[in-house]
1. Under the rule a/c < 1.5 gives rounded, and otherwise a/b versus b/c splits prolate from oblate, where does the range 1-70 land using the Cα gyration tensor?
2. Would you work out if the range 24-151 is rounded, prolate or oblate? Take a ≥ b ≥ c from the square roots of the eigenvalues of the alpha-carbon gyration tensor; rounded if a/c is under 1.5, else prolate when a/b is larger than b/c, oblate otherwise.
3. Which value, in Å², gives the accessible area per residue of the range 164-271 when a 1.4 Å probe is used on the protein heavy atoms?
4. Roughly how big is the chain's charge dipole about its Cα centre, with Cβ charges of +1 (Lys, Arg) and -1 (Asp, Glu), in debye to the nearest 20?
5. Taking springs between alpha-carbon atoms closer than 10 angstrom, which of Leu67, Leu136, Leu24 fluctuates most in the Gaussian network model of the chain?
6. Would you mind classifying the range 117-273 by shape? Square roots of the alpha carbon gyration tensor eigenvalues, ordered a ≥ b ≥ c; an a/c under 1.5 is rounded, otherwise it is prolate if a/b is larger than b/c and oblate if not.
7. Taking only C-alpha pairs under 8 Å that are 6+ residues apart, what is the relative contact order of the range 104-196 in percent?
8. Compute the relative contact order of the range 1-43 as a whole-number percentage, counting only Cα pairs closer than 8 Å that sit 6 or more residues apart in sequence.
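The values are calculated or read from the model by the stated rules, or taken from the named source; none is laboratory data. What you see is a predicted model, and the numbers here were worked out from it, not measured in a lab. Positions of Cβ are generated from backbone atoms using ideal geometry, with glycine treated the same way; all protein chains shown enter the neighbour counts. When the accessible area is computed, the model is the full protein with side chains, heavy atoms only, and any ligands, DNA or RNA have been set aside. Shrake-Rupley method; radii C 1.70, N 1.55, O 1.52, S 1.80 Å.
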Amino acid sequence: MVTLFSLWPFVNTVLLSFTDARILRGGEFVGLDNYRRALADPDFWVATGNSVVYLLVVVPCLVLLPLALAVLVQTRVPGIGFFRTAFYTPVIASAVVVGLIWQWLLRSDGLVNTVFRKLSIVSEPIPFLTDSTMLLVSAMIVTVWKGLGYYMVFYLASLGNVPAALHEAAALDGAGAVRRFFSITVPQVKPMMLLVGTLSAISALRVFTEIYILGGESGGPGGGARTLPFLIRQVGLGFSGETGYASAISILLFLLTLVFSLLGRRFSKGDES
């Protein structure tokens, strides 16, 4: 099963990246032409830049915010189970449904712009979905919102392993909640923070649904909000789909993901040392 659905598709993608294959016909070997074309393609660099910016913004948010949320819901008070469930609900919701809800919220006549205009905060609708930069920011917000509950569970599991005696001893020494958080909680969950950072980085480089739902098939005005997975889909699908070129971009995305994964692993080893 692993060979059929994982190893062979990967090997086949590598082989296709060295051909000029298209959807309706096989291809001939063209060497590194597809890779040279990608490195000279402005659309590729725009998509790469968007993917990297997406990662640089989303990853810190998904490392820090779920931790703060986990600390809050860890408190044993009546009704806290309701809030844990509420924070986790977006995780089990369909990405398409989540995207459509946020599209309704952020469009020019949507709830957010309507409220802002009623409160006289803005005179004209904010172009959340019609400006490439704002569209990318809106997609980041959706990604963070949907991922908060998922990574919160990771941190809850890690916080459960922090000895209560450490907090009690620090409290007796006069350390406040903030001091205990930075001096005890953060060092104890640092390995989990590195894991969450690695996983969220990989997910950020693979983002597609949020851009597609909010920005449509073009990826925003002029395709300015396209990420690498979005570009791969555009290039590779359709009757004129360039399978070979799309495969080459896929391999470049794989290498970019591998770099960030190895960086996360290196930081993790340094922390253990």
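1. Since a/c reaches 1.5 but b/c is at least a/b, the shape of the range 1-70 is classed as oblate.
2. Judged from the Cα gyration tensor, the range 24-151 comes out oblate (a/c at least 1.5, b/c at or above a/b).
3. Ligands and nucleic acids excluded, the result is 50 Å² per residue.
4. Using Cβ point charges on Lys, Arg, Asp and Glu, the chain gives about 480 debye.
5. For the chain, modelled as a Gaussian network with Cα springs under 10 Å, the answer is Leu24.
6. oblate
7. Working: 49 pairs, mean separation 17.2, N = 93.
Normalised by residue count, the contact order of the range 104-196 is 18 percent.
8. Averaging sequence separation for qualifying contacts and normalising by length gives 25 percent for the range 1-43.
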